[in-house]
Amino acid sequence: MNDLLAKLQIASEAVAESPAQRPEQEAENRLAVVRLGIATSLFYALRTKHPATAAHGLRVALFCSSWAEQMRLDGELRDRIEVAGLLHDVGKIGIPDRILRKPGKLTVDEQLAMDTCPSIGCEILRGCTADPDLLAIVRYCNAWYDSRRDGETPRGDALPLGARMLAIADAFDAMTTEHVYRPAMSRDRALTELVHSSGTQFDPNLVHDFSRLLEARPEILQGSMVNRWLQQLRPEDSEAFWTGAVNPSVAKTHRTKEVVRRETLFNQRLLATLKDGVAFTDAEGNVSQWNVAMERLTDLPAEAMIGKQWSAAALRMRDTDRDRDDETICPLQECFRTGEAVRRAMIIDAVGTDPVSVHVEVAPVHGEQPGSHGTVIVVHDLSDREHLERRLDTLHKQTRLDGLTRVANRAHFDTTLEEMVAATVAGGPTFALVICDLDHFKRINDTFGHPAGDEALKVFANILRTQSRDGDLVARYGGEEFLLLANACDNATGAKRAEALRQTLESTPIEALGGECITASFGVTEYQSGDSAETVLARADRALLKAKDNGRNRVVQLGLGRMSEVAESTLRTGWFDWLMGNEEAAATKVDILTPVPIDLVIEKLRGFIADHHAEIVNVDENQLSLKVLSGASQGGRRRVDHKISLHAVLTLSEAQKDELLTEKATPGCSTKVHVEIKPIRNRDRRRRELNDAVAQLVASFRCYLMGEIISRAE
């Protein structure tokens, strides 16, 4: 342990001395320079204060840029919205660090301090711009569409269009980004939250326009706007908003690549491969590095912790001899107080799993350079509990491996997927499925030959394998198609990991292809209520097809994720009615209220039909009749016999005002779906599994429609 601490101390000092920046910071630099011009220093100042906020602003700006392009907004207005998106949180420069870096939720007073950000931001921007429209967007980007503060702010359509758009993009990015106190939401779940708040916090028309945009182009955050900024914009084109002369040498200096020192690369590689969790903090306890093993042990990603204060309470850590409710003395604070290394046996109360026994060691780090003092925290896993991922070690058996790539074969993947679905249905952790396909693989074989194509497959499989985690399963499904089954992983995290794989692949030269790099398309989904192994795989495959149709070399995410289960009493009809063969009583009837208009409901139902391989029996003006197989898929000679054939009739209508979930919801923007379900075959009426199959189908309808069950129809 002491040798490890010595190595890490040397590595941390190398990082403190190195002028190199992370690759993502270099990308941020280039984008900020071409969009902000001489005002780039404002972005740099914000990133120095709080890197996570600057990265959030960049994502929001790119999102608004794509949205403005789809709306065909005037070029000047679009430029103004992009600049406002980048700097809408610049007011956080004036917020105390203890609030910005607090790992938990804010108190009322702290939230009031955060509410002053727009006004502080306007004061900062007023020193370098006199554009009233730009300042108005920043000032009102947090204002509610239906504000109850009469006379203080504009309301409704009186708010600037850019501010209303920015509010939606800002909230969506915040919900789909990982935080210490809350995991990232899936895109569909975040959209549902936006729709629920439309008419009150957000412009309802813009929310539905935003929803349609993501339904048609789920990959909108990727590629196109980044390329536009880098290829079509010049720093001098962005000076219209700012006072002062342009200094060309400044922009040139910002674009100059900095040399990455060998010690930094060694440090990054060392931290990535260590089995122990490792974190570095500065002299105030703010986290500066957080390795992969620490992510696994605490279930918190690096992006949620970098810049936040390390706190045993926030990480759900306690001493082994204390109960959960007892106060634990934080080992980091004890290290600061004594100036000596602190070693302690502790327990991490992980969410959704058994507690993890760990050994924590916190040691002070004293660098030679100013500001390089801090601590190194090493967390060693002492737990020997059995996880689902432990059983995946059997992949090393020859019968379960693909002969060419040495990852799992299709048969083993099918078995594992069934097991993970069953475990999740029984209350275990959720999981994500990533399906990926090499782009233009036929051209690779035709140009370089099949041996070179085989080498490309091996390289791709190796990238998937080296970036997988304990408990993940990497499999070759066939040809150039691969799968990553990520245990204890949600939709948002799965998409983030797929994007990291995509970037790694497109920057990896392959010797057999003459040093060329290849690309792949990715589809991501998460288990959601009512799913079977077949529907999870079908939805991931549908996301992959969208990625290919929308230009390849991108990641598309579909699915809402697991919702709270439907109460059994809501769905259960008379068992004796089915036994007696009463046709009318045999039908289960429920009303599902979904906060989206009918045209979006139809799009969602198309996805349901595709994923469930449902058969359309009849389509009327506002009614859809389907034949669906539902129920647990078990082993046997004919697996289809274990499914129950159900007839589902869905009637769509605009929700009435007394049926809306919120008072501010707009009737024309919500849809009521009346669902009637009954078995088709007489023999299915007597099966004990019938109620479970119906409940599974209703839960699936509810997830695909992003709705809530408002009543059991009589």
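Among the candidates Thr447, Thr415, Thr504, single out the residue that is under 30 Å from Gly277 (Cα atoms) and assigned to a helix (DSSP H, G or I).
That would be Thr504, the only listed residue that is under 30 Å from Gly277 (Cα atoms) and assigned to a helix (DSSP H, G or I).
I'm trying to understand the selection: among the residues of the stretch 659-687, which are at pLDDT 70 or above and open to solvent by 40 Å² or more (accessible area, probe 1.4 Å)?
Filtering the stretch 659-687 for residues at pLDDT 70 or above gives 669-683.
Of everything in the stretch 659-687, those that are at pLDDT 70 or above and open to solvent by 40 Å² or more (accessible area, probe 1.4 Å) turn out to be Lys672, His674, Glu676, Lys678, Ile680, Arg681, Asn682, Arg683.
Using the structure shown, decide if Val555 is in contact with a Lys or Arg (Cβ under 9 Å, 6 or more places away or on another chain) and either open to solvent by 10 Å² or more (accessible area, probe 1.4 Å) or modelled with pLDDT of 85 or more (or both). Spell out the reasoning first.
Values: in contact with a Lys or Arg (Cβ under 9 Å, 6 or more places away or on another chain): yes; either open to solvent by 10 Å² or more (accessible area, probe 1.4 Å) or modelled with pLDDT of 85 or more (or both): yes.
The answer is yes for Val555.
I'd like the full set of residues that are in a helix (DSSP H, G or I), within 23 Å of Pro183 (Cα to Cα) and open to solvent by less than 50 Å² (accessible area, probe 1.4 Å), limited to the stretch 57-111.
Taking the stretch 57-111 as the starting set, the residues that turn out to be in a helix (DSSP H, G or I) are 57-70, 75-87, 90-94, 97-100, 108-111.
Keeping just the survivors that are within 23 Å of Pro183 (Cα to Cα) gives 57-63, 92, 97-100, 108, 110-111.
Gly57, Leu58, Val60, Ala61, Leu62, Phe63, Lys92, Ile99, Leu100, Glu110, listed by residue number.
Quickly run through the stretch 140-181 and pick out the residues that are open to solvent by 60 Å² or more (accessible area, probe 1.4 Å) and either in contact (Cβ under 8 Å) with a residue 40 or more places away in the chain or farther than 16 Å from Gly57 by Cβ (or both). Let's see the steps before the verdict.
Here is the first cut: in the stretch 140-181, the ones open to solvent by 60 Å² or more (accessible area, probe 1.4 Å) are 142, 144, 148-152, 155, 157-158, 181.
Within the stretch 140-181, Trp144, Arg148, Arg149, Asp150, Gly151, Glu152, Arg155, Asp157, Ala158, Tyr181 qualify.
Does Glu455 count as more than 30 Å from Arg59 (Cβ to Cβ) and touching a residue at least 24 places away in the same chain (Cβ under 8 Å)?
On the way: more than 30 Å from Arg59 (Cβ to Cβ): yes; touching a residue at least 24 places away in the same chain (Cβ under 8 Å): yes.
Answer is yes for this residue.
Out of the residues in the stretch 269-313 meeting the condition of being β-branched (Val, Ile, Thr) and in contact (Cβ under 8 Å) with a residue 12 or more places away in the chain, tell me which one is most open to solvent (accessible area, probe 1.4 Å). I'd like the intermediate steps shown before the answer.
Looking only at the stretch 269-313, we keep the residues that are β-branched (Val, Ile, Thr), and these are 273, 278, 281, 287, 292, 298, 306.
Going one step further and asking which of them are in contact (Cβ under 8 Å) with a residue 12 or more places away in the chain, we end up with 278, 281, 287, 292, 298, 306.
Numbers: Val278: 3, Thr281: 8, Val287: 5, Val292: 74, Thr298: 2, Ile306: 49 Å².
Checked the stretch 269-313; the qualifying residue most open to solvent (accessible area, probe 1.4 Å) is Val292.
Please state which of the following conditions Asn142 fails to meet, knowing it meets all the rest: (1) of a type outside the set (Ser, Thr, Tyr); (2) in a loop (DSSP other than H, G, I, E, B); (3) in contact with a Phe, Trp or Tyr (Cβ under 9 Å, 6 or more places away or on another chain).
Unmet for Asn142, out of (1) of a type outside the set (Ser, Thr, Tyr); (2) in a loop (DSSP other than H, G, I, E, B); (3) in contact with a Phe, Trp or Tyr (Cβ under 9 Å, 6 or more places away or on another chain): (3).
Residue-by-condition table, conditions (1) under 21 Å from Ala312 (Cβ atoms); (2) under 28 Å from the mean Cα position of the chain (by Cα); (3) at pLDDT below 70; (4) surrounded by fewer than 18 Cβ atoms within 10 Å (Cβ to Cβ):
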{"residue": "Ile348", "(1), (2), (3), (4)": "yes, yes, no, no"}
{"residue": "Pro355", "(1), (2), (3), (4)": "yes, yes, no, yes"}
{"residue": "Glu386", "(1), (2), (3), (4)": "no, yes, yes, yes"}
{"residue": "Asp402", "(1), (2), (3), (4)": "no, no, no, no"}
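I need the full set of residues from the stretch 637-657 which are at pLDDT 80 or above and among the polar types (S, T, N, Q), in order please.
At the first step, the residues of the stretch 637-657 found to be at pLDDT 80 or above are 644-655.
Ser645, Thr651, Ser653, listed by residue number.
Residue by residue through the stretch 471-491, note down the ones that are in contact (Cβ under 8 Å) with a residue 40 or more places away in the chain and in a loop (DSSP other than H, G, I, E, B). Let's see the steps before the verdict.
Initial filter on the stretch 471-491 (in contact (Cβ under 8 Å) with a residue 40 or more places away in the chain): 471-478, 480-491.
The answer is Gly471, Asp472, Glu480, Ala488, Cys489, Asp490.
Checking Arg465 against (1) surrounded by fewer than 19 Cβ atoms within 10 Å (Cβ to Cβ); (2) touching a strand residue (DSSP E or B) at 6+ places or on another chain (Cβ under 7 Å); (3) modelled with pLDDT of 95 or more, only one condition comes out false. Which one?
Arg465 satisfies every listed condition except (3).
Let me confirm something: among Ala452, Ala422, which residue is more than 16 Å from Val407 (Cβ to Cβ) and either in a strand (DSSP E or B) or open to solvent by 30 Å² or more (accessible area, probe 1.4 Å) (or both)?
Ala422
Quick check: is even one residue across the stretch 123-132 touching a Phe, Trp or Tyr at 6+ places or on another chain (Cβ under 9 Å) and not hydrophobic (A, V, I, L, M, F, W, C)?
Yes, the stretch 123-132 has at least one match.
Identify, by number, the condition in (1) touching a residue at least 40 places away in the same chain (Cβ under 8 Å); (2) open to solvent by 10 Å² or more (accessible area, probe 1.4 Å); (3) outside any helix (DSSP H, G or I); (4) more than 30 Å from Gly707 (Cβ to Cβ) that Pro429 doesn't meet.
In the conditions (1) touching a residue at least 40 places away in the same chain (Cβ under 8 Å); (2) open to solvent by 10 Å² or more (accessible area, probe 1.4 Å); (3) outside any helix (DSSP H, G or I); (4) more than 30 Å from Gly707 (Cβ to Cβ), Pro429 misses (4) alone.
Taking into account only those residues within the stretch 468-479 that are under 23 Å from Asn491 (Cβ atoms) and touching a Lys or Arg at 6+ places or on another chain (Cβ under 8 Å), which is surrounded by the fewest Cβ atoms within 10 Å (Cβ to Cβ)?
Keep residues of the stretch 468-479 that are under 23 Å from Asn491 (Cβ atoms), which gives 468-475, 477.
Checking the rest, the ones that are also touching a Lys or Arg at 6+ places or on another chain (Cβ under 8 Å) come to 469-471, 474-475, 477.
Numbers: Arg469: 16, Asp470: 14, Gly471: 20, Val474: 26, Ala475: 28, Tyr477: 19.
Selected residue: Asp470.
Determine, yes or no, whether Asn487 is open to solvent by less than 40 Å² (accessible area, probe 1.4 Å) and more than 19 Å from the chain's Cα centre (by Cα). Full working, then the answer.
Values: open to solvent by less than 40 Å² (accessible area, probe 1.4 Å): yes; more than 19 Å from the chain's Cα centre (by Cα): no.
In short, no.
Kindly evaluate Arg189 against the criterion of being open to solvent by 50 Å² or more (accessible area, probe 1.4 Å) and under 20 Å from His88 (Cα atoms).
For Arg189, the condition - open to solvent by 50 Å² or more (accessible area, probe 1.4 Å) and under 20 Å from His88 (Cα atoms) - is not met.
Kindly establish whether Ser147 is of a type in the set (Gly, Ala, Ser) and modelled with pLDDT under 85. Step through it out loud before you land on a result.
Numbers: of a type in the set (Gly, Ala, Ser): yes; modelled with pLDDT under 85: yes.
Yes; evaluated as a whole, the condition is true for this residue.
Cβ-Cβ below 7 Å, separation at least six or inter-chain, first residue in the stretch 92-121 and at positive phi, second open to solvent by less than 30 Å² (accessible area, probe 1.4 Å): which pairs?
Sorted first by the residue in the stretch 92-121, then by its partner, the list stays empty.
Does any residue in the stretch 492-511 that is within 20 Å of Glu178 (Cα to Cα) come within less than 7 Å, Cβ to Cβ, of a residue that is open to solvent by less than 30 Å² (accessible area, probe 1.4 Å) and among the acidic types (Asp, Glu) six or more places away or on a different chain, and which pairs are these?
Taking only residues 6 or more apart or on different chains, the pairs are Gly494/Glu526.
Could you check how many residues of the stretch 612-630 are part of a strand (DSSP E or B) and surrounded by fewer than 19 Cβ atoms within 10 Å (Cβ to Cβ)? Outline the logic, then answer.
Residues of the stretch 612-630 part of a strand (DSSP E or B): 615-619, 623-630.
Pick out the ones that are also surrounded by fewer than 19 Cβ atoms within 10 Å (Cβ to Cβ) and you get 615-619, 623, 625, 627.
The number of residues fulfilling the criteria is 8.
The values are calculated or read from the model by the stated rules, or taken from the named source; none is laboratory data. All values derive from a computational prediction rather than experimental measurement. FYI the Cβ positions are ideal-geometry reconstructions off the backbone, even for glycines, and counts take in every protein chain you see. SASA here: full protein model, heavy atoms, side chains in, ligands and nucleic acids out. Shrake-Rupley method; radii C 1.70, N 1.55, O 1.52, S 1.80 Å.
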